[in-house]
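Notes for the one structure printed next.
The values are calculated or read from the model by the stated rules, or taken from the named source; none is laboratory data. The shown structure was predicted, so the numbers you read here are calculated from the model rather than taken from an experiment. Positions of Cβ are backbone-derived with ideal geometry, glycine not excepted, and every protein chain shown enters the neighbour counts. Please note that ligands, DNA and RNA were not included when accessible areas were found on the heavy atoms of the full protein model with its side chains. Shrake-Rupley method; radii C 1.70, N 1.55, O 1.52, S 1.80 Å.
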Amino acid sequence: MIVTQLSEISRGRYRVYVEDEIAFVLYRGELRRLGIREGEEIPEESLREIQEEILPKRAVKRAMNLLQKRDYTTADLREKLRNGDYPETCIEDAVAYVESYGYIDDLRYARDFILYNLDRKSRTRIEQDLQRKGIDRKLTQQVFTELEEEGASQDEETMIRALLQKKKYDAKMATRQEKQRMYAFLYRRGFHSEAINRALSLDIT
């Protein structure tokens, strides 16, 4: 493996390119100690230490530090580690490690997210938000079903009326154009058309 480039990304930290592709990130002192130089082959013993000791430990430490600050979904955590230029094998090992200790749990994350937003966002919007965070739609539906069985349900009309009040919307005074604009706004937020029409007390079809 020939090092084709060493690129400093912050003080003392370097991206190591092998065959013109990013291989990993190391500190200046590590480059010196491991004998890694541009245009030269990485010593076999150094490569073993990087792949089996330095990067796996660093990836786990990075994952733990991230999770100390806030919760992440499995997909979000993977993406954060990828942004740190960790190899995929190190990323998967780090994710497996924190999962084994319960530090990440997509089911728990989805449940907490839904409960927090149950009276603030439509079900459709919640599902979309969780899907963007890498939560499978089936898992989201499972959590909604469990919450409904526990008595936690949504009232879209109440949420819509709260939004209308916040926007100082007056159905009696609103023009047809204003009503259509408000309908479109609520529909974009994921509310169902029946609930919107009932809350707006109008028919604009």
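Per-residue ellipticity at 222 nm, computed for the chain from helices alone with -39500 (n - 2.57) per DSSP H run of at least four residues, works out to -17500 deg cm²/dmol. Note on region 55-205: Cα Rg divided by 2.2 N^0.38 Å, N the number of residues, gives 1.38. All alpha carbon pair distances within region 128-184 were sorted into 5 Å bins beginning at 0; the resulting P(r) in whole percents reads 4, 15, 15, 15, 14, 13, 12, 10, 2. When the residues 175, 89 are ordered by accessible surface, computed with a 1.4 Å probe over the protein chains alone, the sequence from largest down reads 89, 175. Summing Cβ point charges (Lys, Arg +1; Asp, Glu -1) relative to the Cα centre of the chain gives a dipole of roughly 1540 debye.
For region 1-142, carbon and sulfur atoms together expose 43% of the accessible surface, with a 1.4 angstrom probe and every protein chain in place. Neighbours of residue 27 by Cβ distance under 11 Å: Lys/Arg scored +1, Asp/Glu scored -1, total +4. Measuring only protein heavy atoms, the 1.4 Å probe finds residue 115 accessible over about 80 Å². Between residue 180 and residue 125, the FRET efficiency from the beta-carbon distance, with R0 = 25 Å, is close to 0.75. These residues, 27, 187, go from largest to smallest accessible area, 1.4 Å probe, as 187, 27. Tilt of helix 156-166 relative to the longest C-alpha principal axis of the chain, in degrees (0 to 90, nearest 10)? It works out to around 90 degrees. Estimated at the nearest 10 Å², the accessible area of residue 181 is 130 Å² with a 1.4 Å probe.
Projecting the Cα atoms of 153, 77, 174 onto the dipole axis of the chain, where Lys and Arg carry +1 and Asp and Glu carry -1 at the beta carbon, places 174 farthest toward the positive end. Of the residues 100, 193, the one with the largest accessible area comes first in the ranking 100, 193, computed with a 1.4 Å probe on protein heavy atoms.
The residue list 43, 5, 117 was ranked by how far each Cα lies along the charge dipole of the chain toward its positive end, using unit charges on Cβ atoms, and 117 comes out on top. Measuring nothing but alpha carbons in region 8-100 and taking Rh as the Kirkwood radius, the Rg to Rh ratio lands at 0.99.
Derived scalar couplings between HN and Hα for region 168-180 equal 6, 7, 10, 4, 6, 9, 5, 6, 4, 5, 5, 5, 5 Hz in order, rounded to whole Hz, by the Karplus curve 6.51 cos²θ - 1.76 cosθ + 1.60 (θ = phi - 60°), x for Gly and Pro.
Rolling a 1.4 Å probe over the protein heavy atoms gives the chain an accessible area of 62 Å² per residue.
Within the accessible surface of region 148-193, defined with a 1.4 Å probe on protein heavy atoms only, the carbon and sulfur portion equals 47 percent.
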